[in-house]
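Reading through the structure tokens given below for one structure.
The values are calculated or read from the model by the stated rules, or taken from the named source; none is laboratory data. What you see is a predicted model; the values in this text were computed from it and never measured. Neighbour counts are summed over all protein chains in view; Cβ atoms, including those assigned to glycine, are modelled from backbone coordinates with ideal geometry. Accessible surface areas use protein heavy atoms only, side chains included; no ligands, DNA or RNA. Shrake-Rupley method; radii C 1.70, N 1.55, O 1.52, S 1.80 Å.
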Amino acid sequence: VGMMEAIIIINAEIPSEIAAMEKNDDPILDKLTCAD
Amino acid sequence: VTHLAYLKKGENMLPDISKDFLFNNLPVIFHDGEYIIYSPFEKKLVKVKNFNKKFLQEHLSVKFFGTPKKRELKLKYGHLSIITTTDCNLRCEYCFANGGEKPIYIDEEISFKAIDELTRKDIDDLEVTFFGGEPTMNMGIVKKVVEYCKNKNVKAHFDITTNGVINTEKANFLLDNKFNVTISVDGPPVIQSKIRKSVSGNDVTKVIENTMSILAKAPERLKARVTITNTNISYMPEIVKYAARFGIKYIHFAAVNITGRAKSATDMQPSAHSYASGFIESMSMAKKLGVSVTDEGLIYLLQPATSFCSSTAKTKLIVTPDDSISTCLEIQSCDAENNLFIIGKYNRLTKEFEYNDDKINNLKCLDVDKIKECEICPWKYICSSGCPIRNIVKTNDIYKPNDYYCTIKKYILHEVVSRMSIR
């Protein structure tokens, strides 16, 4: 019981200061542009 | 000077990553006395004070653990990239392509054929990316391709990566035709004029600023791509401020890769620790200004996979000025050093694209599960062994990861997951 109480599950939301692709058709992030 | 604060603090401001580990395909970080398990499959975080493997395996759902798959592009889209030219109006000191040194230009025949090739299949939408060199130095082709798609009634979206040294008319064309634009800019004029020099040596920062102001009228379609070297490493938060001033909402940082022109100055690469510190400091600046920053390591934070990018799957077509077909924007010629990404050629006589199936199958085999160094890395299925080109450049082996970028990613991914856990 003690162990169950110790588990906290939360939704993983990307902080606003970070850009990450959420789906394949995110228009601008979709382009990885690895090349320097 | 505030923008130097993170370098003065040095490694002290980096998180402790020594207790991070991989658990059932998921990264676990130890942060503030707690273990945080991140599931990119279920988009959930679990926090526990005590880590009991068996208990967690029993009590967390199958969905939470998930199974990583190969990264492929959505097949209902046709992905076409056109390297319009290897010419360039800048001579950036690190250019991967030695831009401008051997200028050749693509023509209508192969460009239009590539559109025909993709629209012949069961494809609803076509995404066309223009890349270079500086793609706008062959603006005629850019305009003709847009026109060709319109005339053929192809539902097309356009993307371009430009250095911004373009006139108002070209910038307005990109804006009016709803291009997604990645503009390469390395910082305020003092930096830009040192790293990204024009051919003639003239200061072109005013031209770039004009381009940014025009394109920022559609901020959702504009991203800055910033390469970090030892010249601008101490300015990373300042660069965020500078880009935000022009209305840019997305800033993609990358620590310079030692390839192309950068090979002649290997000391231009900042240390992995200073880049990671600078990136973390930039996140704080971005938060303050309401903009977002990213790095290669973070792009796929929500999309776990066994392969890094779609260059290892034949789901896109990249055509180059020497009639090659590539799967990587960085490999633009059959004479390129790493020509394993050249998977075919356009035949001018038969007017057909010819593919090398052995090469395609070889690329398809690349999988993080086959890479020894990644076996127990916490970020195994988010990084997926990283960009194959960056790996091969450092290690001469597509199956050996580039430890420089590994170090950077381990710090910034830890930092981001710890930020995700704050509610």
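The relative contact order of the stretch B:360-404, computed from alpha carbon pairs under 8 Å that lie at least 6 residues apart in sequence, is 31 percent.
Listed values for the stretch B:115-124 are Karplus-derived 3J(HN,Hα) couplings in whole Hz (6.51 cos²θ - 1.76 cosθ + 1.60, θ = phi - 60°), namely 5, 4, 4, 7, 7, 6, 7, 7, 10, 8, and x replaces Gly and Pro. Measuring r between the beta carbons of B:Lys70 and B:Cys334 and using R0 = 30 Å, the FRET efficiency lands at 0.70. Between B:Asp403 and B:Leu289, the distance separating the two model label sites (each 7 Å from Cα on the Cα→Cβ line) works out to 3.5 nm. Looking at the protein assembly as shown, the accessible area is 41 square angstrom per residue; that uses a 1.4 Å probe and ignores ligands, DNA and RNA. Computed from backbone phi, the HN-Hα couplings of the stretch B:389-404 come to 5, 4, 5, 5, 4, 8, 10, 6, 9, 5, 9, 10, x, 8, 5, 4 Hz, rounded to whole numbers (Karplus: 6.51 cos²θ - 1.76 cosθ + 1.60, θ = phi - 60°; Gly and Pro given as x).
Between the amide H of B:Cys95 and those of B:Arg261, B:Ala262, distances stay under 5 Å, these residues lying 5 or more places away or on another chain, with hydrogens modeled in the peptide plane.
In the stretch B:37-174, the ratio of gyration radius to Kirkwood radius, Rg to Rh, stands at 1.21 when only Cα atoms are counted. Expressed in units of 2.2 N^0.38 Å, where N is the residue count, the Cα radius of gyration of the stretch B:312-423 is 1.30.
At q = 0.22, 0.23 Å⁻¹ the log10 of I(q)/I(0) for the stretch B:346-396 amounts to -0.87, -0.92, computed by Debye summation with a single uniform scatterer per C-alpha, solvent ignored.
Remind me, relative contact order of chain B in percent, using alpha carbon pairs under 8 angstrom and six or more residues apart? Before the final figure, lay out the partial values.
Working: 836 pairs, mean separation 78.4, N = 423.
It comes to 19 percent, rounded to a whole number.
In a simple Cβ point-charge model (Lys, Arg +1; Asp, Glu -1; nothing else charged), the stretch B:91-170 has a dipole of about 160 debye relative to its Cα centre. Multiplying the residue separation of B:Lys113 and B:Asp267 by 0.36 nm and removing their Cα-Cα distance gives an extension gain of 51.1 nm. For the protein assembly as shown, the share of DSSP beta bridges that are antiparallel, to the nearest 5, is 45%.
The mean number of partner chain beta-carbon atoms within 10 angstrom of a residue's beta-carbon across peptide B:40-50 is 4. Computed from the C-beta positions of B:Lys43 and B:Lys19 and an R0 of 30 Å, the FRET efficiency is 0.80 to the nearest 0.05.
Around the amide H of B:Leu126, modelled in the peptide plane, lie the amide H atoms of B:Gly78, B:Lys155, B:Ala156, B:His157, all under 5 Å away and 5 or more residues distant in sequence or on another chain.
Applying 1/(1 + (r/R0)^6) with r as the Cβ-Cβ distance of B:Asn177 and B:Ile104 and R0 = 35 angstrom yields a FRET efficiency of 0.90.
Translational diffusion of the stretch B:132-246, estimated by Stokes-Einstein from the Kirkwood radius over alpha carbon pairs at 25 °C in a medium of 0.890 mPa s, is 164 µm² per second.
Taking Cα pairs under 8 Å and at least six residues apart, what relative contact order does the stretch B:272-423 come out at, in percent? Reported as a whole number, the value is 25 percent. Sorting the segments B:156-168, B:137-149 by their mean number of nearby beta carbons within 10 angstrom, highest to lowest, gives B:156-168, B:137-149. If you take all other residues with their beta carbon under 12 Å from the beta carbon of B:Glu34, and give Lys and Arg +1 and Asp and Glu -1, the sum is +2.
Computed over the protein assembly as shown, the per-residue total of -39500 (n - 2.57) for DSSP H runs of n ≥ 4 gives a 222 nm mean residue ellipticity of -9000 deg cm²/dmol, rounded to 500.
Fraction of C-alpha pairs exceeding 13 angstrom in the stretch B:292-346: 62 percent, rounded to a whole number.
Restriction of the trypsin sites (Lys or Arg not before Pro) in the stretch B:184-267 to DSSP coil positions whose beta-carbon has at most 14 other beta-carbons within 10 angstrom yields B:Lys217. Placing one equal scatterer on every Cα of chain B and applying the Debye formula, the log10 ratio I(q)/I(0) at q = 0.10, 0.12 Å⁻¹ is -0.73, -1.06.
Length available on full extension from B:Lys217 to B:Asn356: 0.36 nm per residue minus the Cα-Cα distance, which gives 45.7 nm.
Computed with the Debye formula from one identical point scatterer per Cα of the protein assembly as shown, without solvent, the log10 of I(q)/I(0) at q = 0.09, 0.14 Å⁻¹ comes to -0.58, -1.40. Under 5 Å between amide hydrogens, built in the peptide plane, is the criterion, and for B:Glu352 it picks out B:Asn347 among residues at least 5 positions away or on other chains.
Per atom type, the protein assembly as shown shows carbon and sulfur on 51% of its accessible surface, probed at 1.4 Å. In plain terms, the chain from B:Asp125 to B:Ile376 could stretch by 86.4 nm, reckoned as 0.36 nm per residue minus the Cα-Cα distance. Dividing the convex hull volume of the alpha-carbon atoms in the stretch B:197-352 by its residue count gives 181 Å³ per residue. For chain B, the dipole from Cβ point charges (+1 on Lys and Arg, -1 on Asp and Glu) about the Cα centre works out to 1200 debye, to the nearest 20.
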